[in-house]
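> One structure follows; several queries about it will come next.
Only the coordinates and a few stated rules stand behind these numbers; no lab work does. What you see is a predicted model; the values in this text were computed from it and never measured. No Cβ is skipped: glycine too gets one built from the backbone with ideal geometry, and neighbour counts run over all protein chains shown.
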C-alpha cells in the first residue's frame with residue numbers, strides 16, 4: 001500500500017458535506033427495519049412503497065487500518081417511525097475502542113450502553129463533543145425537526161459490529177412527546193439484553 | 001482503573017475553551033526557545049524579561065491509553081519571533097499513529113514531514129479538517145493577526161516525541177511577508193534533517 005499523505009477536507013457544518021469525500025453511504029428504512037419498535041408502522045410504510053432515507057454520510061479518504069483515524073460526517077434526517085425518532089443503526093466496535101462525536105448542526109441524543117447493562121445518554125448539539133469510551137455501543141437519534149449533522153472519528157482497526165445491536169437492541173428508545181423527546185425502556189430487546197440467571 | 005464512562009464537553013469555536021477540561025497547558029517562548037530560527041530575537045526578548053505565551057490548550061478527560069482517543073483544543077496567539085510566526089513545538093508520535101485537526105477559528109498553516117524527508121503543508125482554517133497520517137511529524141503555525149484555534153484528536157497510545165523535532169527541526173519555516181506568509185527552507189536543522197551519505 002502506498003504510504004498515505006496528509007490531506008485536507010472542508011466540512012460544511014450546516015449540510016454535513018465533506019469535500020472531497022471518497023465514499024458516501026445512505027441508510028433507508030428498509031436497511032434497518034428491525035431497529036424500530038413499531039413494526040406495524042414499518043410494515044405500513046414499506047408496503048405503501050415508502051422507504052425514507054433515514055441518514056446519509058460522507059467518508060474521508062482514510063484507510064481502515066491500525067494506527068489510522070477514519071472520520072466521517074453523518075446527516076440524520078428529521079422524522080419518526082410511529083413515534084420513534086429517526087436514528088442510526090448503532091454499533092459496537094469489534095475491537096473495543098473509543099469514538100468521538102462532534103455536533104455540527106441540529107439537535108440529537110446519543111444513547112450508549114455496555115454489554116453488561118450500563119446505559120448513558122448525551123445530547124448532541126452544535127459545538128458539543130461526546131466521548132464514547134471503549135466498550136460502549138452507541139446510537140445517534142435526531143430529536144428535532146431539522147437535520148442532525150455530526151462529525152465522528154474512530155480508530156481504523158475498530159471495526160463495526162452492527163449485528164449484536166440488531167439482535168439485542170438498545171435498552172432505551174427515543175420517542176417524540178409533547179414537542180420534545182422521551183427516553184423509554186425498550187420492550188423485548190431489553191429483556192434479552194438484560195437476560196441473566 | 002475504573003472503566004471510563006461517556007461524557008460530553010462543550011467547545012467554544014471562537015475562544016478555544018473546552019468545558020469542563022481536566023488539564024490545561026501553556027507554552028511560553030522560554031519553553032521552546034530552540035524552535036525559532038532567529039536566536040538573537042529570542043535572546044533579546046528573554047533578556048528583556050519578555051516571555052510571551054505562544055500557545056495554550058485544554059485537554060478532555062480521556063486516558064492516554066490504548067483504544068482511547070484523547071482530544072484537546074489549542075489556541076496559538078498571534079505574533080512573531082523575528083519574522084517567524086508563533087507556532088507549536090511540533091512532534092512525532094512515539095508510535096506512528098495518525099492525528100486529526102479541525103480548524104475552529106483564525107488562520108494557520110500545518111507543516112508536516114516524514115523522517116525520510118518528505119514534506120507537506122496544509123492551511124488550517126475554520127471547518128477544515130487536516131489528516132496527519134502515521135509517520136508524519138506536524139507543527140501548527142498561526143499566520144494571521146488573530147488567535148488560531150483548533151481541535152485535535154489522536155490515539156491514546158500515540159505518545160509525543162518532541163525531542164527529535166527539537167534536535168532535527170522542521171525542514172521548512174513559516175515567516176511573515178507582505179501581510180501574508182512565506183514558507184522558507186530551514187537553515188542548519190534542515191541539513192541535519194536531510195543528512196545522508
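> I'd like the projected area of the range A:1-96, averaged over all directions, using the convex hull of its alpha carbons. Report it in nm² with one decimal.
So the Cα hull casts an average projection of 8.2 nm².
> Which three extents, in whole angstrom, do the alpha-carbon atoms of the range A:76-120 cover along their principal axes, largest first?
Extents along the principal axes, in whole Å: 31, 25, 18.
> Specify the inter-centroid distance of the range A:110-130 and the range A:38-105, based on alpha-carbon positions, in whole Å.
Centre-to-centre (Cα) distance: 15 Å.
> Working from the pairwise distances between different alpha carbons, so that the mean of 1/r is found and then inverted, what is the range B:44-102's Kirkwood radius in Å?
Mean inverse Cα-Cα distance, inverted, gives 14.3 Å.
> Would you mind listing the distances between the residue B:46 label point and the same position in each other copy? Use 7 Å along Cα-to-C-beta, nm, one decimal, shortest first.
6.9
> Still on this structure: Treating the point 7 Å from Cα along Cα-beta-carbon as the label, what are the nm separations from residue A:7 to the other copies, to one decimal?
Computed spacing set for this position: 3.4 nm.
> Report the dimensions of the range B:107-178 along its three principal axes from the alpha-carbon atoms, largest first, rounded to Å.
Result, largest extent first: 34, 26, 19 Å.
> Sort B:118, A:175, B:92 so the one with the fewest other Cβ atoms within 10 Å of its own Cβ comes first.
B:118, A:175, B:92
> Wrap a convex hull around the Cα atoms of the protein assembly as shown, take a quarter of its surface area, and give that in square nanometres.
About 22.5 nm², averaged over all directions.
> Which order do A:81, A:76 fall in if you start with the one that has the fewest other Cβ atoms within 10 Å?
A:81, A:76
> Counting only helical runs of four or more DSSP H residues, what would the 222 nm mean residue ellipticity of the protein assembly as shown come to if each run contributes -39,500 (n - 2.57) and the total is spread over all its residues?
-2500 deg cm²/dmol, from helical runs alone.
> Once the principal axes of the Cα atoms of the range B:1-56 are found, what is the range along each, listed largest first in whole angstroms?
Taking max minus min along each principal axis of the Cα atoms, the range B:1-56 gives 49, 31, 19 Å.
> What percentages, rounded to whole numbers, describe P(r) for the range B:10-193 computed over all alpha carbon pairs with 10 Å bin width beginning at zero?
Bin by bin from 0 Å, the calculated values are 10, 38, 39, 13, 1.
> Quick one: label points 7 angstrom along Cα→Cβ at residue B:183, distances to the other copies in nm, smallest first?
Between copies, matching label points for residue B:183 lie 4.8 nm apart.
> Would you mind ranking B:25, B:7, A:85 so that the residue whose beta carbon has the fewest other beta carbons within 10 Å leads the list?
In order of increasing Cβ crowding within 10 Å: B:25, B:7, A:85.
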